[in-house]
Each structure stands twice: as C-alpha cells, then as structure tokens.
Amino acid sequence: MSTGVRSPGRARIPAKTLRQDRWWIYPALTFTVFTAFVIYATWRAFAGVHYYSAPYLSPFYSPCLTADCVEGSSDFGNPFSWWQLSPALIILIFPLGFRMTCYYYRKAYYRSFWLSPPACAVAEPHGKYSGETRLPLIINNIHRYFWYAAILVALILTYDTLLTFRDPDGSWGHMGLGTLVFLVNITLIWLYTLSCHSCRHAVGGRLRHFSKHPVRYRAWSFVSRLNARHATYAWLSLFSVALTDLYVYLLATGAISDLRFF
C-alpha cells in the first residue's frame with residue numbers, strides 16, 4: 001500500500017507538485033553551502049596545524065587541550081595529553097552536535113539532503129516515515145543538552161575574544177583587525193545560542209504564571225524576540241566561525257599580516 005502523499009485518502013495528483021515558483025532554490029542552495037562548510041571544516045579539523053597566531057586562536061581549536069597544542073595556544077592546560085589526533089577533534093563534537101540537532105538546521109538538512117520533503121507542498125520520494133524515533137535521528141532529541149555545552153563553548157570563545165586585545169607579545173591594551181573579526185564572530189555565536197528554542201524553553205517555558213516571575217518573563221520576552229531571527233543567526237554564525245578560522249589560518253601561514261590599530 002502506498003504511503004505518504006500517495007496514501008489512501010489523499011488527493012490523487014500525479015504531479016510531484018503544482019507549485020509554479022522556484023521552490024528548488026532553497027534546498028539546492030542549502031545543500032551547496034552546507035556541503036562546502038562540511039568540506040572546509042573537515043579539512044581544518046583534521047589538519048592540526050596553522051590554527052594559532054598570537055593572540056588569535058581559531059574557534060575550531062578552542063580550547064586547545066592536548067600536548068600537541070602550539071605554544072601559547074593552550075590556556076586551560078593539557079588534560080588530554082595522551083590524544084594523538086588533531087586537537088580540534090576533541091572540541092568540535094560539542095558545537096557540531098549543537099548545530100546538527102538544532103531545530104532550524106534539522107529543517108534545513110532534512111529538506112536539502114534527505115528531501116523529506118524538499119519543500120512545502122512537494123511530494124517526497126520516501127516510501128515511509130519513522131520520524132525521530134530511530135537511529136540516527138533519535139539523537140536529535142538531546143538537543144537541549146548540547147545547548148548547555150554550547151553555552152560553555154560560547155563562554156570560552158568569549159574569553160578567547162578578550163585575549164585578542166593583546167599584542168603578539170602578550171601586552172594588553174592593543175587591538176588589531178583580528179580583534180574585530182573575533183568580536184563579530186562571538187556576537188553572532190551568542191545571538192545564535194541565545195535565540196535557540198531550548199534557551200527559550202529553559203528561560204521561561206515551564207512557567208505557569210509569568211506575573212509571579214517578572215524577571216524571567218523579561219528574559220523570556222528578550223529570547224523570544226531573538227528566536228524570531230534564529231534562522232538568520234544560524235546562517236550568519238556559520239559563516240562567521242568559518243571566516244574567523246580562515247583569518248587565523250592566513251595569519252599562521254604568513255599569507256597575510258594582521259593590521260594593528262593600536
């Protein structure tokens with residue numbers, strides 16, 4: 001027996017869709033951008049080099065916790081001194097897990113990679129649908145726990161951003177172009193993290209009477225306003241973290257020099 005849009009009781013429409021607009025642009029563009037980011041991030045994560053140029057540490061490698069960390073890049077010690085692979089592979093699981101289980105990103109890659117469905121009012125090619133009840137999609141149900149980890153990661157990246165107000169010798173009170181790059185990146189990361197649906201629920205989702213919790217109500221209202229632009233922050237922070245890593249890479253390889261303002 002047919003399922004999905006071909007199941008009994010559904011309209012008998014032989015066409016894949018009756019839409020006349022270019023509905024395929026969104027999934028095609030999302031597929032292209034996500035694929036490019038995955039290729040770039042995979043290359044950088046496994047490279048294990050050119051991720052630090054004082055005072056800038058790539059967000060892909062922060063915090064650097066192994067014995068192979070470049071001198072000056074390890075601000076939290078080396079608890080994973082036994083680790084033999086790239087230091088980034090210890091850290092990236094947390095921001096990657098947060099993004100992969102994100103409600104917006106799930107919508108984006110379900111439509112773009114699995115065509116489930118590719119767009120509204122467009123028939124999907126799958127014969128059955130099990131939802132997020134089986135592996136691997138059941139892992140998406142732990143999104144809120146990845147959000148807690150994302151808060152910690154954002155705090156560490158904030159600390160890294162503060163360190164960019166030093167010069168290469170470690171003296172404070174200095175600022176370079178990289179400082180601005182890091183400031184933009186951490187701002188977008190915080191906007192993306194705080195606009196998360198899990199953050200909105202944690203702040204005020206369980207309250208029955210907002211009138212009895214005015215402070216939490218104001219926080220919930222603020223997060224709700226951010227939540228309306230969650231998809232925008234998801235895209236912008238994705239670009240910013242990659243561009244920040246690229247900037248550090250170019251500095252570390254000597255391709256460019258950091259412009260120091262003071």
Q | Conditions (1) open to solvent by 70 Å² or more (accessible area, probe 1.4 Å); (2) within 21 Å of the chain's Cα centre (by Cα); number of the one not met by SER198 | A | (1)
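Let's see how each residue does on (1) crowded, with 16+ Cβ neighbours inside 10 Å; (2) in contact with a Cys (Cβ under 6 Å, 6 or more places away or on another chain); (3) within 18 Å of PHE146 (Cα to Cα):
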site	(1), (2), (3)
VAL33	no, no, no
TRP82	no, no, no
PRO87	yes, yes, no
LEU92	yes, no, yes
Q: Those residues that are open to solvent by 90 Å² or more (accessible area, probe 1.4 Å) and either assigned to a helix (DSSP H, G or I) or farther than 17 Å from LEU180 by Cα (or both), I need them from the stretch 240-262; list them, please.
A: LEU243
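Matching residues to (1) surrounded by 19 or more Cβ atoms within 10 Å (Cβ to Cβ); (2) more than 29 Å from TRP24 (Cα to Cα):
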residue	(1), (2)
TYR52	yes, yes
ALA67	no, yes
THR101	yes, no
SER112	yes, no
SER116	no, no
ALA123	no, no
HIS126	no, no
Q | Identity of the residue in the stretch 39-70, among the β-branched types (Val, Ile, Thr) and in a loop (DSSP other than H, G, I, E, B), that ends up farthest from SER240 (Cα to Cα) | A | THR66
Q) Looking only at residues in the stretch 209-239 that are over 16 Å from CYS102 (Cβ atoms) and outside any helix (DSSP H, G or I), which one is most open to solvent (accessible area, probe 1.4 Å)? A) HIS209
Q: Output the residues belonging to the stretch 206-262 that are of a type outside the set (A, V, I, L, M) and touching an Asp or Glu at 6+ places or on another chain (Cβ under 8 Å).
A: ARG260
Q: Could you tell me which of the residues ASN141, ASN185 is over 22 Å from ILE91 (Cβ atoms) and not in a loop (DSSP other than H, G, I, E, B)?
A: ASN141
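The values are calculated or read from the model by the stated rules, or taken from the named source; none is laboratory data. A quick note: this is a predicted structure, and the numbers were derived from the prediction, not measured. Glycine also receives a Cβ, built like all others from the backbone with ideal geometry; neighbour counts cover every protein chain displayed. Calculation scope for accessible area: heavy atoms of the full protein, side chains included, ligands and nucleic acids excluded. Shrake-Rupley method; radii C 1.70, N 1.55, O 1.52, S 1.80 Å.
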